[in-house]
Amino acid sequence: MLPLGTQVPDFRLPDPSGRLVKLADFQAALALLVIFMCNHCPYVTLIRHGLAKLARDYHPRGVAVVGINSNDVANYPADSPARMAAEAASAGYIFPYLHDETQSVAKSYRAACTPDFFLFDRDRRLAYRGQFDDSRPGNGIPATGKDLRTALDALLAGNPCPPDQKPSIGCNIKWKPGNEPDYF
């Protein structure tokens, strides 16, 4: 896992329309939440509406959110950029949803699954790397984002994020054959 306190890795990625979005675009934000996600993972589909609500709730408070899809779209066409655009509209995402075709950004964050959350403070140091909440497909727990909201509230209040950070759980990132990272 990326160690807490790590400086945010840079990125410059296209959204489904081809518009490039870069880390520097979020310079003014009080906090930056980077989410590795995709369209088809049951863990992501479970939280999609809760995730959209979290972004709507925290955007006015100065939190920037970015979704990144690093899956191999050749072998997982449900995660193609065209379908990403449709998913973002259907889920109500107000944040950029970017495509990491080379998977290099996922590797720089040491991302492992979808969803995988990385919350950076104003100085762009990693403050939280944990789960959205305890909801899982089939367990009946509503996807509210309780754990992530607790971390965001602490950070925005000038306090450290809770030290008890449960790792994200989800589907493995779908790596291109021969492109698997060395951190597994």
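Since every read-out is calculated from the coordinates, none of them should be taken as a lab result. Treat the numbers as computed from the prediction; the structure is a model and nothing was measured. Glycine gets a Cβ as well: all are built from the backbone with ideal geometry, and neighbour counts include every protein chain shown.
For the chain, the longest stretch holding no trypsin sites (Lys or Arg not before Pro) located in a DSSP loop with at most 16 other Cβ atoms within 10 Å is which? Of all site-free stretches, the longest is 20-121. Averaging the sequence gap over all C-alpha pairs within less than 8 Å and six or more residues apart, then dividing by the number of residues, gives the chain a relative contact order of 29 percent.
Isolated cysteines in the chain, defined as those with no second cysteine Cβ under 4.7 Å, comprise Cys38, Cys113, Cys161. What does the charge count around Lys176 come to, taking other residues whose C-beta lies under 14 Å from its C-beta (Lys +1, Arg +1, Asp -1, Glu -1)? Once positives and negatives cancel, what remains is -3. Around the Cα centre of the stretch 16-68, unit charges on the Cβ atoms of Lys, Arg, Asp and Glu (plus for the first two, minus for the last two) sum to a dipole of about 80 debye. Structural size metrics of the stretch 133-184, computed from C-alpha coordinates, are Rg and Dmax of 15.3, 44 Å. Considering only Ile47, Asn75, Leu126, whose Cα is most displaced toward the positive end of the charge dipole of the stretch 12-172, charges sitting on Cβ of Lys, Arg (+1) and Asp, Glu (-1)? After comparing all options, I get Leu126. Residues of the stretch 13-30 with an amide N closer than 13 Å to a point placed 7 Å from the Cα of Ala89 along the Cα-to-Cβ direction: 16-17.
Counting every other Cβ atom within 10 Å of each residue's Cβ, Leu98, Leu32 order from fewest to most as Leu32, Leu98. Multiplying the residue separation of Asp72 and Asp57 by 0.36 nm and subtracting their alpha-carbon distance yields 2.3 nm. Pairs of Lys residues in the chain are counted when their Cα atoms are under 19 angstrom apart and they lie 8 or more places apart or on different chains; the count is 5.
When semi-axes √(5λ) of the Cα gyration tensor in Å is calculated directly from the model, which label among (1) 38, 19, 17; (2) 52, 16, 14; (3) 23, 18, 17 fits? Matching entry in (1) 38, 19, 17; (2) 52, 16, 14; (3) 23, 18, 17: (3).
The alpha carbons of the stretch 11-108 stretch over 38, 27, 23 Å along the principal axes, in descending order.
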